[in-house]
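Chemist: Quick one: the structure is below, questions incoming.
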Amino acid sequence: MTDRAAVIRDITERFSEDIQRLDDVSHKRVYIDIETGSLVKMALYLFEQVGARFNIASGVDCRSHIEILYHFTVEDINLMVSLRVRLDREKPVVDSLTPYMKAADWIEREMNELLGIEFTGHPDMRRLLLADFWPKGVYPLRADYEEWDDSAVRDRGV
Amino acid sequence: MGKRTTIPIGPFHPLQEEPEFFTLTVEGERVVDIDVRIGWNHRGIEKLSERKNFDQSTFVIERICGICSTSHPFAYTMAVEDVMQLEVPDRAKYIRTIIAEGERIHSHLLWAGLAGHFLGYNTVFMWVWKAREEILDVMEMLSGNRNNYAMFKPGGVRRDIDDDVIKPCLAKLDRIEATLDLVRKAVEDDPVLQARTKGVGVLTLQDVVDYSALGPTSRASGLARDVRKDSPYAAYPMLDWKMITTENGDVYDKVILRVLEMYESLSILRQALPNLPGGEIDANIKSVPPGEGVGHAEAPRGEVFHYVRSDGTNRPVRHKVRAPTFMNLPTYRESVVGETIADATIILAAIDPCYCCTERVAVVDGRGRRLHDGTDLVELSRAKTERLRREMGGA
Amino acid sequence: MGLKLKALLKSPWVFHLSTGSCNNCDIEVLDCLTPRFDIERFGMLLKGSIRHADVLLVTGSCNRMSAERLKTLYEQVPKPCLVVAIGECSLSRGMFIHSYNCPVPLDHIIPVDVYIPGCPPKPEAVIAGVVKLIEKVGGKKGD
């Protein structure tokens, strides 16, 4: 597919039941809100059929819910398609993309330890960035994260 | 099945800046598995960004990585400008491009020196780092600092370039080109270096696509992707330069690709410096409206990606940073497995992770007995070069 | 101890480690080896093993994982060993003071003898700092 309009039309027709909303923000950016259950098939469609590159996923704690944005770049037409899923904040669970897309491996591990999101089906969910002795259940990127370490020194002592 | 031993490498080494921990599982001389453990450098910058306003963030973001210190604020400022759909003035675009290309040269020279060190060419290390001093002088003349330039801000650049530094900068660029010619000749003419690097650590095109690898790592395997061409930004579309790609995906290709990219960077600098357009350097952003934006820039190692979400206040609600090495590191599973221990160093270095890899090696057998005490993996690599040199008749 | 220290500092062997930094300070330290600055003419050598170190050059903001490693390594260093903190991050963590992963500054973990400020300090500053250290220790009467 060689033009932007064709790509967007193709996605909207193919996945009309899965798309909640499509924001055509600018000629380089499209944000698509989708059903959580449709993530895997839409992501794989973009990765395999459209040939987009998986850029990264960003998890955001929006206080009322948790969002993940999966960014894909369709390089030939300079278009970035971002798929947005909304998860329940008490128990954020979503299907893992790693069994199908090796590129998603590390970012899912990172979101798991920093935001507490569970990725069902991830083959190797280990700590990536945080120390092994970092307390379980404490997620630094959450909006309600608080200092848990009594020995931390947060002033310069001046 | 041969006996499997595990070699831990890391996390501190004299020539490595950033600590990492590799565990190589070997059977005899061949690597059969590799695991990478990171986290020694995690400083929680994404969370820190939420406490700082949009302008202050650039100072923190520059210090994500010292070697790609420009690419991160470049991508970040473009992300904020993407929220507002703002175009910065032309002079600011040119200045940003100049700083970014100067950094590309310094980063590739740094890498070339370290690659030379790992292969046993210590003279190359010294020459190349001496040439690197020239580009650092250029950066100091342009921005005031050798390393953290603090030139970027959302809306433009912080400081202008004086006309009277342009000629001395161009003179220094000529001296750098002379060193580049020597390095290129050394790489193309030395049979020992080619024996060490050709066919070693191959990353196929399919691997690159599966892992979404970036930058020189993917261009060396034939995937012609470069943010400066695919999604043009700043002054790149206004200047004349080529994207370099090679076909084989081995270490040799990665070396020659970076050398050729340095020539292109020199060409960009020579076009941009004498032809700076006049006008403002700053669009004077007063506030950032609510919204989300994405910025991406081509760092020396690949695409840097920043995502910013704003709610109309003066601080970001969320700032996601993704450095290129995050996507490139997992490709080690494909490029190192099957190779020998002596080649492991140069393969690990070839993707130019945001640090120079390999540290002290402790080789233990299955029962935990130390076979070699403190033997350096780098020494193994250099010993192989020496052996090849003798076999090939002292070239 | 004073005499042994003075003898060691005739030709100090230096071990460099980073506890979680952006690497700029580390590159400036490496720059000291290169022809323009060339610390080898002072007899300073960058060593590969901490067991041979007389002087420890530390950079970085001591994040949690690196701090554990640092403590283990410091125990292996044969004393007396002098510690030089290079760059803002190792002085007081600089801008990472509120980071959730950087709880304490370097001098709460190991004793520091010389502080070299800068972000990053230029190689001239690093050399000046190490020379000051040598003079300071060389001037001490025996302990």
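Chemist: Can you tell me the relative contact order of chain A? Whole percent, Cα pairs under 8 Å, sequence separation 6 or more. Display every interim value, and only then the final one.
Modeler: On the way: 232 pairs, mean separation 27.0, N = 158.
Normalised by residue count, the contact order of chain A is 17 percent.
Chemist: Ok, one more. Over all directions, the average projected area of the alpha-carbon convex hull for the range B:161-211 comes to how many nm²? Could the numbers behind the result be given before it?
Modeler: Values: hull surface 26.1 nm².
Hull-based average projected area comes out at 6.5 nm².
Chemist: Can you give the Rg and Dmax of the range A:4-93 based on its C-alpha atoms, in angstrom?
Modeler: In order Rg, Dmax, the Cα atoms of the range A:4-93 give 12.8, 40 Å.
Chemist: While we're here: For the range B:30-183, what Kirkwood radius comes out of the mean inverse Cα-Cα distance, in Å?
Modeler: Numbers: mean 1/r = 0.0574 Å⁻¹.
One decimal place: 17.4 Å for the Kirkwood radius.
Chemist: Something else about it: Report, in deg cm²/dmol and to the nearest 500, the calculated mean residue ellipticity at 222 nm for chain C, where each DSSP H run with n ≥ 4 adds -39500 (n - 2.57) and the sum is divided by the residue count.
Modeler: Numbers: 5 runs with 49 residues, N = 143.
That comes out to -10000 deg cm²/dmol.
Chemist: Once you charge only the Cβ atoms, +1 for Lys and Arg and -1 for Asp and Glu, what is the size of the charge dipole of chain B about its Cα centre, to the nearest 20 debye? Can you show the working numbers first?
Modeler: Details: 51 positive and 58 negative charges, 169 e Å.
Rounded to the nearest 20 debye, it is 820 debye.
Chemist: Here's something else I'd like to know. Under a straight-distance cross-link criterion of Cα-Cα below 18 Å, which lysines are reachable from C:Lys136, leaving out those fewer than 8 residues away in the same chain?
Modeler: Those lysines meeting the cut-off are C:Lys4, C:Lys6, C:Lys10, C:Lys79.
Chemist: Further, regarding this structure: Quick one: Karplus J couplings for the range A:48-62, per residue in order, coefficients 6.51, -1.76, 1.60, θ = phi - 60°, nearest Hz, x for Gly and Pro?
Modeler: Those phi angles translate into 8, 6, 7, x, 6, 8, 7, 7, 5, 10, 10, x, 10, 8, 9 Hz.
Chemist: To continue, here is another question. Given chain C reduced to its alpha-carbon atoms as identical point scatterers, what log10 I(q)/I(0) does the Debye formula return at q = 0.11, 0.14, 0.16 Å⁻¹?
Modeler: After summing over all Cα pairs, the log10 values are -0.38, -0.61, -0.80.
Chemist: Ok, one more. Quick one: compute the contact order of the range A:4-93, relative version, from alpha carbon pairs under 8 angstrom and 6+ residues apart, as a percent. Walk me through the intermediate numbers first.
Modeler: On the way: 142 pairs, mean separation 23.8, N = 90.
After rounding, I find 26 percent.
Chemist: Using the Cα centre of the range A:4-93 as the reference point, and only Cβ charges (+1 on K/R, -1 on D/E), how large is the resulting charge dipole? Debye, rounded to the nearest 20. Walk me through the numbers on the way to the answer.
Modeler: On the way: 13 positive and 15 negative charges, 39 e Å.
Around 180 debye, computed over the range A:4-93.
Chemist: Where does each of B:186-197, B:297-308 land if you order them by average Cβ count within 10 Å, highest first?
Modeler: On the way: B:186-197: 18.2, B:297-308: 27.8.
Per-residue mean Cβ counts within 10 Å order the peptides as B:297-308, B:186-197.
Chemist: What is the calculated FRET efficiency for B:Asp35 to B:Arg159, with r their C-beta to C-beta distance and R₀ = 51 Å, to the nearest 0.05?
Modeler: Values: r = 45 Å, r/R0 = 0.88.
Efficiency computed from Cβ-Cβ geometry: 0.70.
Chemist: What is the ratio of the Cα radius of gyration of chain A to 2.2 N^0.38 Å, where N is its residue count, to two decimals? Could you put the intermediate results ahead of the total?
Modeler: Values: Rg = 17.9 Å, N = 158, 2.2 N^0.38 = 15.1 Å.
With N residues counted in chain A, Rg over 2.2 N^0.38 Å equals 1.19.
Chemist: Per-residue Cβ counts within 10 Å, from other chains only, averaged over C:92-98: what number is that?
Modeler: Mean shielding count: 6.
Chemist: Using only the Cα atoms of the protein assembly as shown, build the gyration tensor, take square roots of its eigenvalues as a ≥ b ≥ c, and label the shape rounded, prolate or oblate: rounded if a/c is under 1.5, else prolate if a/b is larger than b/c, else oblate.
Modeler: Numbers: a/c = 1.34, a/b = 1.31, b/c = 1.02.
Note, shape of the protein assembly as shown comes out rounded.
Chemist: Also, I was wondering about something else. Between A:Ala6 and B:Arg175, what FRET efficiency follows from the Cβ-Cβ distance if R0 is 56 Å, with the result rounded to 0.05?
Modeler: Numbers: r = 51 Å, r/R0 = 0.91.
For R0 = 56 Å, the calculated efficiency reads 0.65.
Chemist: Label points 7 Å out from Cα along the Cβ direction at A:Lys91 and B:Thr313: separation in nm?
Modeler: Each label point lies 7 Å from its Cα, and together they span 3.2 nm.
Chemist: Still on this structure: Would you mind computing Rg(Cα) / (2.2 N^0.38 Å) for the range C:12-77, counting N as its residues? Before the final figure, lay out the partial values.
Modeler: Numbers: Rg = 12.4 Å, N = 66, 2.2 N^0.38 = 10.8 Å.
It is 1.15.
Chemist: What is the sum of charges around C:Val126, taking Lys and Arg as +1, Asp and Glu as -1, for the other residues whose C-beta is under 9 Å from the C-beta of C:Val126? Intermediate values should be presented prior to the final figure.
Modeler: Numbers: positive: C:Lys122; negative: C:Glu28, C:Asp31, C:Glu124.
Charge balance near C:Val126 sits at -2.
Chemist: Also: Hey, fewest Cβ within 10 Å first, where do B:His72, A:His71, A:His122 land in order? Intermediate results must be reported in sequence, preceding the final value.
Modeler: Working: B:His72 26, A:His71 23, A:His122 18.
Ranking B:His72, A:His71, A:His122 by Cβ neighbours within 10 Å, fewest first, gives A:His122, A:His71, B:His72.
Chemist: With r as the distance between the Cβ atoms of B:Asn122 and A:Ile77 and R0 = 41 Å, compute the FRET efficiency 1/(1 + (r/R0)^6) and round to 0.05. Working shown, then result.
Modeler: Numbers: r = 47 Å, r/R0 = 1.16.
E(calc), rounded to 0.05, equals 0.30.
Chemist: Normalise the Debye intensity by I(0) for the range B:45-327, one equal point scatterer per Cα, no solvent, then take log10 at q = 0.13, 0.15, 0.16 Å⁻¹ and round to two decimals.
Modeler: Ignoring solvent entirely, the Cα scatterers give -0.88, -1.14, -1.27.
Chemist: Once you average over the residues of B:59-65, how many Cβ atoms of partner chains fall within 10 Å of each Cβ? Mind dumping the intermediate values first?
Modeler: Details: counts 2, 4, 0, 3, 12, 1, 4.
Averaged over the peptide's residues, the number is 4.
Chemist: Checking the a/c ratio against 1.5 first, then a/b against b/c, what shape does the Cα gyration tensor give for the range B:239-315?
Modeler: Values: a/c = 4.54, a/b = 1.58, b/c = 2.87.
Cα axes put the range B:239-315 in the oblate bin.
Chemist: Kirkwood-based Rg over Rh for the range A:77-130 (C-alpha set), two decimals? Could the numbers behind the result be given before it?
Modeler: Numbers: Rg = 12.2 Å, Rh = 12.1 Å.
Taking Rh as the inverse mean 1/r over Cα pairs, Rg/Rh reads 1.01.
Chemist: Just grab the label-to-label distance for C:Trp13 and A:Arg156, each label 7 Å out from Cα along the Cβ direction, in nm (one decimal).
Modeler: Here the modelled spin labels are 3.7 nm apart.
Chemist: OK, next. Quick one: dipole size for the protein assembly as shown, taken about the Cα centre, charges +1 on Lys/Arg Cβ and -1 on Asp/Glu Cβ, in debye to the nearest 20. Don't skip to the answer; put the middle values down first.
Modeler: Working: 89 positive and 102 negative charges, 392 e Å.
Its charge dipole is roughly 1880 debye.
Chemist: Give me a single rounded figure for A:128-141: the average over its residues of other chain Cβ atoms within 10 Å of their Cβ. Before the final figure, lay out each step's value.
Modeler: Details: counts 6, 10, 8, 10, 4, 3, 5, 0, 0, 0, 1, 0, 7, 7.
Mean number of neighbouring Cβ atoms from other chains: 4.
Chemist: Projecting each Cα onto the charge dipole of the range A:5-158 (Lys/Arg +1, Asp/Glu -1 at the beta carbon, about the Cα centre), which of A:Gly59, A:Tyr100, A:Val74 comes out farthest on the positive side?
Modeler: A:Val74
Readers should treat all values here as calculations from the given coordinates under stated rules, not as data from a laboratory. As the structure is a computational prediction, the values presented were derived from the model and not from experiment. Here Cβ is always computed from backbone atoms with ideal geometry, including for glycine, and neighbour counts include all displayed protein chains.
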